[in-house]
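The structure appears right after this line, and notes come after that.
The values are calculated or read from the model by the stated rules, or taken from the named source; none is laboratory data. These numbers were taken from a predicted model, which means no experiment stands behind them. Reconstructed Cβ throughout: ideal geometry from the backbone, glycine too, with neighbour counts over all protein chains shown.
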Amino acid sequence: MDLDVEMNILLTGHKGFIGQHMLVALEKEGHNVSTFDWDDGNMPSVMEQDWVIHMGAISSTTERDVEKVMRQNYDFTRQLYGSCKTYGVNFQFSSSASVYGLVSSFREDALVDPRTPYAWSKYLSERYIERHPMGARTQIFRYFNVYGPEGEEHKGDQASPYHKFTQQAKLNGKIKIFDMSNLYYRDFIHVSEIVQYHLMFMKTEQSGLFNLGTGTTKSFLEVATEIGKKYPSVVNYTPMPEELKNSYQKYTRADMTKTKEALGETEVH
């Protein structure tokens, strides 16, 4: 089905940072969008939907209530995917590059090393979907480090460095970063590019697991320096909390080979 045709789409996680932007884009395209939030209670009906875009989840990487994370992120995903399989509804699932953990390869077929309940919930959801294929299209996206100009306020400590550093610079002219931040590199991707990838994949016949990043890296110090120039401020160093040391990724860089092959020559802008 061509994305240019008006479709019925169920979007979960529409109140979240990325979900907010996804909702605006889908409505701008002229689609009939239904939304579902975990607090709504009952399972949403997918019978009349052309697509389900499942972005809803507990996204905190520091949440340690494993039962809570697994119930909302994994159990619910299984149920929702099962409904889509029953009714032949196309399914997009938002996963995370956190499943890679402390590995050095970021290909979709590389070994993974989930280090938090959140990362495990995403990996197990991926695994379940891949082991229970259906006839409709199923697209799993591993997001790398997503940032954007607005919508991150509610994320607190889970907000991107771009957002946190900008707020600190504006408020008091000081940016706090962990010590050795010059050694920590991430693949930062703008939220608008994530949305574009979702829309482009909906126009394809592709199913599978795909990285969504830029294929480039930038250190936390580089981000802080960049923002410090835009909003004149000084950079202060702080020790990394003990609870983060065993799960904090030092380096991420999306291998975009498979994603680019799936989309042909199309590029996001």
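Being at pLDDT 90 or above and either under 19 Å from Gln249 (Cβ atoms) or in contact with a Leu (Cβ under 8 Å, 6 or more places away or on another chain) (or both) narrows it down to one residue among Gly215, Gly173, Gly208; which is it? Just a single option satisfies the conditions, and that option is Gly215. Within segment 115-139, the set of residues being closer than 21 Å to Met70 by Cβ and within 15 Å of the chain's Cα centre (by Cα) comprises Tyr118, Ala119, Trp120, Ser121, Lys122, Tyr123, Ser125, Glu126. Scoring Phe188 on the criteria (1) buried (at least 20 other Cβ atoms within 10 Å of the Cβ); (2) on the phi > 0 side of the Ramachandran plot leaves a single failure, condition (2). Consider His21 carefully, then state whether it is of a type outside the set (Val, Ile, Thr) and under 17 Å from the mean Cα position of the chain (by Cα). It is true that His21 is of a type outside the set (Val, Ile, Thr) and under 17 Å from the mean Cα position of the chain (by Cα).
Listed by position, the strands (runs of 3 or more DSSP E) contained in segment 23-111 that have at least 3 residues being under 30 Å from Glu242 (Cα atoms) and not charged (D, E, K, R) are 90-96. Just one residue in the set Val146, Val112 is within 17 Å of His21 (Cα to Cα) and either at pLDDT below 95 or of a type in the set (A, V, I, L, M) (or both); that residue is Val146.
Within segment 113-130, the presence of at least one residue that is more than 25 Å from Glu226 (Cβ to Cβ), touching a residue at least 60 places away in the same chain (Cβ under 8 Å) and assigned to a loop (DSSP other than H, G, I, E, B) is confirmed. With a requirement of 3 or more residues that are under 18 Å from the mean Cα position of the chain (by Cα) and touching a residue at least 12 places away in the same chain (Cβ under 8 Å), the helices (runs of 4 or more DSSP H) lying completely within segment 166-269 that satisfy it span 191-202. Assess whether Gln158 counts as being of a type in the set (S, T, N, Q), surrounded by fewer than 20 Cβ atoms within 10 Å (Cβ to Cβ) and farther than 30 Å from Thr86 by Cβ. The answer is yes for Gln158.
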